[in-house]
Amino acid sequence: MKIAVIGSTHAGTAAVTNMATLYPEAEITVYERNDNISFLSCGLALYVGGVVEDPKTLFYSSPEKLQELGINVKIQHDVKNIDTDKQTIEAVNLVTGEEVADRYDKLVMSTGSWPVTPPIPGINLENVLLAKNYSHSNTIIEKAKSAEHVTVVGAGYIGVELVEAFEKAGKRVTLIDGVDRILNRYLDEEFTRLVEADFVNRGIELRLGESVVEFSGNEEVQAVVTNKGRVETDLVIMCVGFRPNTELLKGKVDMLDNGAIKVNEYMQTSDENIYSAGDCCAVKYNPTGQHAYIPLATNAVRMGTLVARNIVQPTMKNVGTQGTSGLHIFDLNMASTGLTETSALALDINVKSITINEKHRPEFMPTSEDVQLKISYEPETRKILGAQVISKADVTQSINTLSVCVQTGMTIDELGFVDFFFQPHFNQPWNFLNKAGLAAAQ
């Protein structure tokens, strides 16, 4: 069996390493346009900020490791065309220019995503940078050395992490976003305003609810012009989101409107010989039961592993995702899973919510931090649909627990009586998750 894999970051690497073990007789070929594989882009801001000193630790595999498994690795090869009828691939060696032709019995699309680059005048000026891969990271580090003022456009996870990194490096920092608050896709307003207040106290300029209309400058960017003003700056980092890399299969398999490839519960596309995993495809979102585009490394690794299990025959179903994620910014730890009130409103889904504010452990302990927890649930069935937490204490693992609750259909009332341990170093006699369930039942 000939298996071709296009793209080898999280999903692709997980797929090929597992397939090499499961099917030692298979001929597996990986096509990757970059000169590296398996870069942990979630560590990009930590690398830029100097927390990660050795960039090699951000790679958990290498072309050499894959080759040792018997995999044919074609680094710096760009696939130009896929003929799904003939099951052939056309690629080009980006170093030599040589054209490569190949065929496959099974194809794995793990081409990932790419940063959104809006058609803003001046976006191609020097020092307007993207933040996605290892090359981007090194360019940001080099350009930031001489920059006094850095402007980050986009207040999602990567954007706010870079804001933290630049502030800690002593830069003047401006954060711009078209929405009127940060992290709006992950947290409701009562959570994001805590982070925003912390940013303002640290001297970070927030320009929220402003749209970038132009990057001004000669060869290098000198200012960001928004619909409400002008920001003089030396360096701009674009973090406005990601789009799936799926042009190669456009019109050949079923996709969402944004181009994310649809897969069934066995990671198979509408073409029975093509599987997909990672940021290029849609996943089953358990709070709604529908396909959704949720580009997360955790989803990618799971999906890549499932592709390997199912590529010969249907073996293990994808249980879906809640879009669970966490973030540490300055002194605050936050995490979320499933639906927030904001996302539920956008999807026209009716939810009820309970919010509690507790200490993370008894106040007789030397320290005891505030915890804010919010759980959303379906009014009729009372099934938990999502949750958010924020605290200076690291209680983010509670969101992993609530992710399981969403996935298994637990009700908010049942949560009130789940068996959690008590130990004064860690928590209260009544765990704050229990307390949320009890409060919702009143």
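Here is how the numbers come out for the structure above:
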| read-out | value |
| --- | --- |
| Principal axis box of the chain, alpha-carbon based, largest edge first, Å | 68, 57, 40 |
| Accessible surface, the chain, averaged per residue in Å² (probe 1.4 Å) | 46 Å² |
| Cα-based Rg and Dmax for the range 1-146, where Dmax is the largest Cα-Cα distance (Å) | 17.2, 53 |
| DSSP-defined antiparallel bridges as percent of all bridges, the chain, nearest 5 | 60 percent |
| Surface share of carbon and sulfur [accessible, 1.4 angstrom probe, percent] for the range 117-238 | 43 percent |
| Segments 393-406, 138-151, 168-181 sorted - mean Cβ within 10 Å per residue, highest first | 393-406, 168-181, 138-151 |
| Rough spin-label spacing in nm, given labels placed 7 Å along Cα→Cβ, for residue 355 and residue 65 | 4.3 nm |
| Above-threshold pairs, the threshold being 32 Å between Cα atoms, out of 317/392; 2/262; 284/352; 143/228; 168/435; 132/317 | 317/392; 168/435 |
| At R0 = 30 Å, FRET efficiency that the Cβ-Cβ distance of residue 441 and residue 367 yields, to 0.05 | 0.45 |
| Longest to shortest principal axis, alpha-carbon extents of the range 225-324, angstrom | 57, 30, 24 |
| Net lengthening on full extension, residue 54/residue 145 (0.36 nm per residue, minus Cα-Cα) | 31.0 nm |
| Charge dipole (debye, nearest 20) of the range 117-238; +1 at Cβ of Lys and Arg, -1 at Cβ of Asp and Glu | 120 debye |
| Charge dipole (the chain, unit charges on Cβ, about Cα centre) - positive-most of 92, 273, 410 | 410 |
| Share of Cα-Cα pairs in the range 333-441 lying beyond 23 Å, as whole percent | 23 percent |
| Percentage, to the nearest whole number, of Cα pairs in the range 117-238 over 24 Å apart | 21 percent |
| Rg over Rh [alpha-carbon atoms, Kirkwood Rh] for the range 237-276 | 1.07 |
| Ranked by how many other beta carbons lie within 10 Å on average, peptides 415-422, 205-212 from highest | 205-212, 415-422 |
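The values are calculated or read from the model by the stated rules, or taken from the named source; none is laboratory data. Model, not experiment: these values are computed from the prediction. Heads up, the Cβs are rebuilt from the backbone with ideal geometry, glycines too, and the neighbour counts pull from every protein chain shown. For the accessible areas, the whole protein counts, side chains as well, though only heavy atoms, and no ligand, DNA or RNA atoms are used. Shrake-Rupley method; radii C 1.70, N 1.55, O 1.52, S 1.80 Å.
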